[in-house]
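Beneath this line is the structure, given in C-alpha cells, with notes to follow.
The values are calculated or read from the model by the stated rules, or taken from the named source; none is laboratory data. What you are looking at is a predicted structure, and each value in this text was computed from that prediction instead of being measured. Every residue, glycine as well, gets a Cβ built from its backbone with ideal geometry; the counts of neighbours run over all protein chains shown. Surface accessibility is based on the protein's heavy atoms, side chains included, excluding ligands, DNA and RNA. Shrake-Rupley method; radii C 1.70, N 1.55, O 1.52, S 1.80 Å.
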Amino acid sequence: MIKIGSHVSISGGLIEAAKEAFSYNANTFMVYTGAPQNTKRLPIEDMKIEEGKKYMKEHKISDIVVHAPYIINLASYKENIYELAVSFLKSEIKRTEAFGSNYIVLHPGAFTDKDVKYGINRIAEGLNKVLNEDTKPYICLETMAGKGSEIGRTFDEIAEIIEKVEMSNKIGVCFDTCHTHDSGYDIINNFESVMDNFNKVLGLDRLKVFHINGSLNKCGAKKDRHANIGADENNPRGRDMIGFKALYNIVHSEYAKGKIFILETPWIDKNTNLYKEEIKMLRGIKNE
Ligand code: FE
Ligand code: FE
Ligand code: ZN
C-alpha cells in the first residue's frame, strides 16, 4: 500500500488533522504547525497530540510530515531574519518530535540581494547551528521552482548545501513535482534520467518525501503555481501541464518505492478540495 495523503489543517490540533486526513482515505498527511506565513505557534501541550496519535494508530495513519513556514529564510543576510530562522527551526524540531514525525520539509532559502554562493553557505551555517546528535527528524530540503532568488532549483544546489553540513546524515530531500518541472527538469518525458541524475548528485537514500502536484505552467517556467492532478481546462483552478499519466507513473515508479507522497494541490473554493479523488486516482483504485 503506497503512503499517500495531503496537506491538512492543524487548527484543531493533531487530532483534527488526522481526522481530516482519514476523510480523504489518506494513510499519511502533512501539516504546518501553525499558519505557514507566520511564526505564532500554540504551546505543544495545546496541540491535542496524544488524542491525535491514538486516532492515527487506530486508523493506520503514519509517517506524517511537518512543513516549516515559508517565511523562514536561512539564506538571509539580515541578522534578525536569519536569527529568527535558526531559532524557529530549533523549536519546529521540538514540535515535529512531539508529533512523532520524522520529517520536516524546509525551503532552503532565498539569497535576495546577495548571490547563490552566499546563500548556500549561509543555509549550511544555519543548519549547523540547528542540528545536533539528538536531532531526530530529517530536515528535508525541498526542490524549488526557481522563482526569484530561491535556492534549491537544481539538485546540485541542494548537494552543495548538504556537503557543507556537518551532521549531513540528518538531511533529507523533498522532491516537489511542480517545482522540479517548473525549474526545468523534464519529469513528463524523462523521469528516469531525471532520477538517475538525482541519484548521482544526491543519492536516492536522501529522498524521503514527494510533493505530488500538477503545474499550471510549462516545464522551465519558474513560476511555482500548483494545479490539480491531471486537471483539464474545465477545472476552475486551471489546467495541469504535467498531466495525470506522468504523475501516476512517478508515484508508481521504482524510484519512489517506499517514499511518502503528499498532495499540495489547490482547493477549488474555500469549502471544496479534490484530495479524496486525487488520492484515489493516484493509488489507482478503481472501486472503493
Ligand atoms: Fe514547500
Ligand atoms: Fe511543495
Ligand atoms: Zn510550490
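With the charge dipole of the chain set up from +1 on Lys and Arg Cβ and -1 on Asp and Glu Cβ about the Cα centre, the Cα lying farthest toward the positive end among the listed residues Met1, Ile151, Asn132 is that of Met1.
Inverting the pair-averaged 1/r between distinct Cα atoms of the chain gives 19.0 Å as its Kirkwood hydrodynamic radius. This model, with +1 at the C-beta of Lys and Arg and -1 at the C-beta of Asp and Glu, gives the chain a dipole about its Cα centre of some 380 debye. Students often get this wrong: which residues of region 118-146 have the backbone nitrogen under 15 Å from the point 7 angstrom along Cα-to-C-beta of Lys257? Taking a point 7 Å out along Cα→Cβ of Lys257, no residue of region 118-146 has its backbone N under 15 Å. Here the Debye sum runs over all C-alpha atoms of region 132-215 as equal scatterers in vacuum, and log10 of I(q)/I(0) at q = 0.18, 0.23 Å⁻¹ comes out as -0.74, -1.14. Per-residue 3J(HN,Hα) values for region 94-101, derived from phi via the Karplus relation 6.51 cos²θ - 1.76 cosθ + 1.60 with θ = phi - 60°, read 4, 5, 4, 5, 4, 6, x, 9 Hz in sequence order (x marks Gly and Pro). Please work out the Cα center distance from region 104-155 to region 1-69, rounded to the nearest Å. What the calculation gives is 24 Å, centre to centre. Here region 79-219 is assigned +1 on the Cβ of each Lys and Arg and -1 on the Cβ of each Asp and Glu. Its dipole about the Cα centre then comes out at about 240 debye.
Between Gly109 and Ile151, the built amide H atoms are under 5 Å apart, and every one of these is 5 or more places off in sequence or on another chain. For region 136-288, rounded, prolate or oblate, judged on the Cα gyration tensor with a ≥ b ≥ c (square roots of eigenvalues), a/c < 1.5 rounded, else prolate if a/b > b/c? Verdict is prolate for region 136-288. Each Lys or Arg adds one and each Asp or Glu subtracts one; over the other residues with Cβ under 10 Å from the Cβ of Arg239, this totals -2. A full extension of the chain between Ser168 and Val116 corresponds to an added length of 16.7 nm, given 0.36 nm per residue minus the alpha carbon distance. Based on the Cβ-Cβ distance of Ala35 and Arg239, what FRET efficiency does E = 1/(1 + (r/R0)^6) give at R0 = 35 Å, to the nearest 0.05? Here the calculated transfer efficiency is 0.75.
Applying Stokes-Einstein at 10 °C and 1.306 mPa s to the Kirkwood radius of region 1-125, computed over alpha-carbon pairs, gives a translational diffusion coefficient of 104 µm² s⁻¹. Taking the charge dipole of the chain about its Cα centre, with +1 at Lys and Arg Cβ atoms and -1 at Asp and Glu Cβ atoms, the residue from Gly230, Ile81, Asn199 reaching farthest to the positive side is Gly230. Annotation: amide H of Ala227 within the under-5 Å range of Gly214, Ser215, Leu216, sequence separation 5 or more or interchain, hydrogens built in the peptide plane.
The residues of the chain have, on average, 45 Å² of accessible surface per residue, using a 1.4 Å probe with all protein chains present. Computing FRET efficiency as 1/(1 + (r/R0)^6) for Ile268 and Asn190, where r is the C-beta to C-beta distance and R0 is 30 Å, gives about 0.45. In the chain, helical runs assigned H by DSSP with n ≥ 4 each contribute -39500 (n - 2.57); averaged across all residues and rounded to the nearest 500, the mean residue ellipticity at 222 nm is -10500 deg cm²/dmol. Among the cysteines of the chain, those whose beta-carbon sits 4.7 Å or more from every other cysteine beta-carbon are Cys178, Cys219. Pairs of lysines in region 71-200 whose Cα atoms sit within less than 15 Å of one another amount to 11, provided the residues are eight or more positions apart or on different chains.
Projected onto planes of every orientation and averaged, the convex hull of the alpha-carbon atoms in region 25-86 covers 5.3 nm². Across region 165-173, rounded Karplus estimates of 3J(HN,Hα) from the backbone phi angles (6.51 cos²θ - 1.76 cosθ + 1.60, θ = phi - 60°) give 8, 5, 8, 5, 5, 8, 9, x, 10 Hz, Gly and Pro being marked x.
Taking amide H as placed 1.01 Å from N in the peptide plane, the amide H of His67 sits under 5 Å from that of Val31, Tyr32, Thr33, Val105, each at least 5 places away or on another chain.
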